[in-house]
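All remarks here apply to the structure that follows.
The values are calculated or read from the model by the stated rules, or taken from the named source; none is laboratory data. Please read all numbers here as calculations on a predicted model, not as lab measurements. Here Cβ is always computed from backbone atoms with ideal geometry, including for glycine, and neighbour counts include all displayed protein chains.
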């Protein structure tokens, strides 16, 4: 018999976060937001005093009101979300022509731009696209989607940049590159991004509990995880078809 008052425990999904960057997993890991609360939220009192109305003829307000700490929407973000801190200092140079390139410590190219023809009509002329190349690879133990979005509550200036939102999954593909939108300047401008600042949120799109495991592995292990890049330019589709075919063989 169904009992609406019996709480059903959410399913647990294991999510591995892998990187081959030395000590990054120790210093700036992918992290649950419950363990990386913004300072303003930590310091925010649960209630605050409300001054009496200036006109004594007005009805009095309650002496205390609840702060944003009681906001269910914010509570759920911090309870269930994951955060990707920026893994290195970045200096992004943006030109009036809409070009953006970055300098950052470490190996390889820190970022690039998609050709504008790929997203024609999406952005206004006042915006510039840039993609951060992430050193993190995520592996979920079953198919499920996460919503990648702007780390609004960790950014004091929400208009400095905007992380592009989108649904992502890490069972069939594992990249965590972060696409952002930057303001197009009147003259060439350098925008500084500091290591450790939150660059993206990942919100589970199912009622599950994420068991996050952060690991430093070898580059050979990263290649093993991403072996399809040596086979196809469409690893997501390839892995889906491979697993579907394998499942059909098992069922038969």
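Quick notes on this structure:
- If the condition is being assigned to a loop (DSSP other than H, G, I, E, B) and surrounded by 17 or more Cβ atoms within 10 Å (Cβ to Cβ), then the range 143-162 contributes 144, 150, 151, 155, 161.
- Residue count for the range 100-122, restricted to those that are under 24 Å from residue 195 (Cβ atoms) and free of Cβ contacts under 8 Å to residues at least 60 places away in the same chain: 12.
- Any hit, the range 183-197, residues being out of contact with any helix residue (DSSP H, G or I) (no Cβ under 9 Å at 6 or more places or on another chain), closer than 30 Å to residue 10 by Cα and surrounded by 14 or more Cβ atoms within 10 Å (Cβ to Cβ): no
Every residue, every condition in (1) closer than 30 Å to residue 217 by Cα; (2) assigned to a loop (DSSP other than H, G, I, E, B), yes or no:
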{"position": "18", "(1), (2)": "yes, no"}
{"position": "52", "(1), (2)": "no, yes"}
{"position": "56", "(1), (2)": "no, yes"}
{"position": "77", "(1), (2)": "yes, no"}
{"position": "88", "(1), (2)": "yes, yes"}
{"position": "105", "(1), (2)": "yes, yes"}
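- Under the condition of being without any contact (Cβ under 8 Å) to a residue 60 or more places away in the chain and within 15 Å of the chain's Cα centre (by Cα), the residues counted in the range 131-146 number 3.
- Leading residue by the ranking (nearest to residue 204 (Cα to Cα)) among those in the range 33-50 that are in contact with a strand residue (DSSP E or B) (Cβ under 6 Å, 6 or more places away or on another chain) and either assigned to a loop (DSSP other than H, G, I, E, B) or in contact (Cβ under 8 Å) with a residue 60 or more places away in the chain (or both): 33
- The number of residues in the range 107-117 being more than 22 Å from the chain's Cα centre (by Cα) and not in a loop (DSSP other than H, G, I, E, B) comes to 2.
- Test: residue in the range 239-252 that is over 26 Å from residue 12 (Cβ atoms), at pLDDT below 85, outside any helix (DSSP H, G or I) and more than 20 Å from the chain's Cα centre (by Cα): yes
- Count - residues of the range 22-32 that are more than 15 Å from the chain's Cα centre (by Cα) and not in a helix (DSSP H, G or I): 2
- Any hit, the range 232-240, residues being over 16 Å from residue 140 (Cα atoms), touching a residue at least 12 places away in the same chain (Cβ under 8 Å) and surrounded by 12 or more Cβ atoms within 10 Å (Cβ to Cβ): no
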